[in-house]
1. Out of Val327, Val342, report the one residue that is part of a helix (DSSP H, G or I), open to solvent by less than 60 Å² (accessible area, probe 1.4 Å) and within 23 Å of Arg317 (Cα to Cα).
2. Starting from region 291-316, take each residue that is in a helix (DSSP H, G or I) and list its partners that are open to solvent by 80 Å² or more (accessible area, probe 1.4 Å), counting only C-beta distances under 7 angstrom and pairs at least six apart or across chains.
3. Any residue in region 43-62 that is touching a residue at least 60 places away in the same chain (Cβ under 8 Å) sitting within a Cβ distance under 8 Å of a residue that is surrounded by 10 or more Cβ atoms within 10 Å (Cβ to Cβ) and aliphatic (A, V, I, L, M)? List the pairs, counting only those 6 or more apart or interchain.
4. Working only within region 20-59, note down all residues that are open to solvent by 90 Å² or more (accessible area, probe 1.4 Å) and within 45 Å of the chain's Cα centre (by Cα).
5. Could you say which residue among Cys174, Cys178 is surrounded by 13 or more Cβ atoms within 10 Å (Cβ to Cβ), farther than 23 Å from Val95 by Cβ, within 23 Å of the chain's Cα centre (by Cα) and at pLDDT 90 or above?
6. Quick one: is Arg67 closer than 17 Å to Asp216 by Cα and in contact (Cβ under 8 Å) with a residue 24 or more places away in the chain?
7. In this structure, is Glu88 surrounded by 12 or more Cβ atoms within 10 Å (Cβ to Cβ), at pLDDT below 85, among the acidic types (Asp, Glu) and farther than 30 Å from Val143 by Cβ?
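The values are calculated or read from the model by the stated rules, or taken from the named source; none is laboratory data. All of these numbers come straight from a predicted model, not from anything done at the bench. Because the Cβ atoms are built from the backbone with ideal geometry, glycine has one as well, and the counts that use them run over all protein chains shown. To get the accessible areas, we keep the full protein, side chains included, count just its heavy atoms, and leave off ligands, DNA and RNA. Shrake-Rupley method; radii C 1.70, N 1.55, O 1.52, S 1.80 Å.
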Amino acid sequence: MATLRVKPGQRFTVPDWHTSSRLISADAERQRSASHQVRQEARALRNETNNQAKWDEHDNQTRLAERISSVNRWKETLDKCLADVDAEIDALAKVKEAAERALQAKNLPLDVSIECLTLRESRRAIDVVRDPVEEELHREVKVIEKAKRELQQRVHKAFEQLCLLQEARQQLSCDHRCKTGALEIDRACLSLSVNSPNISFKVNPTRVPNGSTTLDEWEQNSQSNKEHAEAEIKASTELREATELAIAQTNNELEAQRVAAEFALRKRIRDLERAYNELKWQEQNMLEEIAEMEQDIRRLEEDLQRKIQDLKVAHTRLETRTCRPHVDLCRDQVQYGLTDEVRELEGTIRALRQKLLESQAALDALHRQLHRIQTDIGYKANSLALDNKCMDTRRKLLVPAEKFVPEVDTFNRTTNQALSPLEPGQPELG
């Protein structure tokens with residue numbers, strides 16, 4: 001009988017076999033549970049990190065947009081401030097030139113006064129008296145010299161103020177250039193995305209760059225530049241007003257008299273200019289109000305048409321639902337809701353139509369008032385032109401210096417002029 005040759009080995013019992021199977025199964029279950037736990041945690045982490053990354057990116061996009069808006073607001077403020085400074089520089093330069101012209105214009109009356117005093121030194125004997133004419137001539141010389149000194153001071157102050165304005169403008173311009181550069185950089189950052197070709201890792205990007213400032217320092221710098229410019233504009237405005245006043249005062253001091261008609265005409269022109277400007281302002285406001293009213297009327301008409309369309313939809317739904325068969329033709333919540341919607345829309349349409357009628361009536365009234373204002377503006381412009389023409393006509397009373405005819409005196413000088421005494425009401429040559 002043949003025997004099976006088998007390598008002898010350890011034999012296990014059936015309970016051992018079952019125990020081993022259960023252990024393997026239990027280990028597999030534990031490993032599967034652990035794997036499931038890891039997978040769930042990984043999914044949760046992925047969701048959490050994705051959400052966090054998206055929110056972080058959204059928040060930073062919002063912060064960038066807000067920062068761009070803030071910097072742009074300051075840039076616009078600086079734009080306006082620069083425009084104001086430029087306008088003030090131009091205005092002050094014109095006033096300075098006017099003061100220089102007024103200063104130059106004082107040379108002729110001063111020469112005339114000195115020449116008159118020199119001529120009167122030729123008097124002899126008892127006629128060499130200090131009479132009122134001589135006193136008035138000496139007083140005129142003093143008034144002219146005082147006016148020249150004051151105008152010279154005003155010109156010097158205007159020059160210094162122009163330098164200060166230019167310095168303030170340079171600071172504003174530098175700040176404006178920085179704001180423009182910052183806007184370009186932030187807008188470029190705002191446009192970046194994961195698909196941008198120029199993104200890469202950087203070395204220590206979270207470092208604080210040298211020269212960094214805080215937000216308060218940034219705000220304070222721009223505010224300081226703005227306040228400095230506004231202060232210089234205010235000082236320049238006050239200087240301009242003072243210079244214009246000084247020019248007017250010196251001219252008035254050199255005038256012999258001012259006729260009442262000229263004063264009345266100037267006052268009338270000022271009143272007409274104020275009235276004209278007021279009417280123009282009212283006209284502008286009226287035009288803006290008409291434009292807004294017309295826009296609101298268009299919106300009312302559009303809303304009315306939309307409400308009519310909504311009403312058509314509600315009507316159609318109600319009518320269509322009447323075709324429901326048998327017991328399904330019930331007054332359900334939809335029926336009540338559609339009925340309420342129809343009533344509400346009908347009330348809304350009535351209110352919109354009423355308001356549209358009121359708006360159109362108000363628009364007609366605005367057009368009528370605008371016509372009245374424009375008619376009155378025409379009247380005022382005509383009156384102002386006539387009064388200005390009267391002022392131009394009255395300037396003919398002042399004989400220009402070049403119209404004087406030179407006469408030869410006893411010293412054979414051909415530049416002297418025979419001056420007659422001023423009569424009451426006669427304007428003095430300036």
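1. Val342
2. Correct list of pairs: Leu300/Lys355; Leu304/Arg353.
3. Gln61/Leu190
4. Gln52, Lys54, Trp55, Glu57, His58 - these are the residues of region 20-59 that are open to solvent by 90 Å² or more (accessible area, probe 1.4 Å) and within 45 Å of the chain's Cα centre (by Cα).
5. Numbers: Cys174 fails: surrounded by 13 or more Cβ atoms within 10 Å (Cβ to Cβ).
From the options Cys174, Cys178, the qualifying one is Cys178.
6. On the way: closer than 17 Å to Asp216 by Cα: yes; in contact (Cβ under 8 Å) with a residue 24 or more places away in the chain: yes.
Taking the combined requirement at face value, the residue satisfies it.
7. Spelling it out, it is not the case that Glu88 is surrounded by 12 or more Cβ atoms within 10 Å (Cβ to Cβ), at pLDDT below 85, among the acidic types (Asp, Glu) and farther than 30 Å from Val143 by Cβ.
Matching residues to (1) of a type in the set (A, V, I, L, M); (2) assigned to a loop (DSSP other than H, G, I, E, B); (3) in contact with a Lys or Arg (Cβ under 6 Å, 6 or more places away or on another chain):
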residue	(1), (2), (3)
Ala168	yes, no, no
Arg177	no, no, no
Glu184	no, no, no
Val194	yes, yes, no
Pro197	no, yes, no
Val203	yes, yes, no
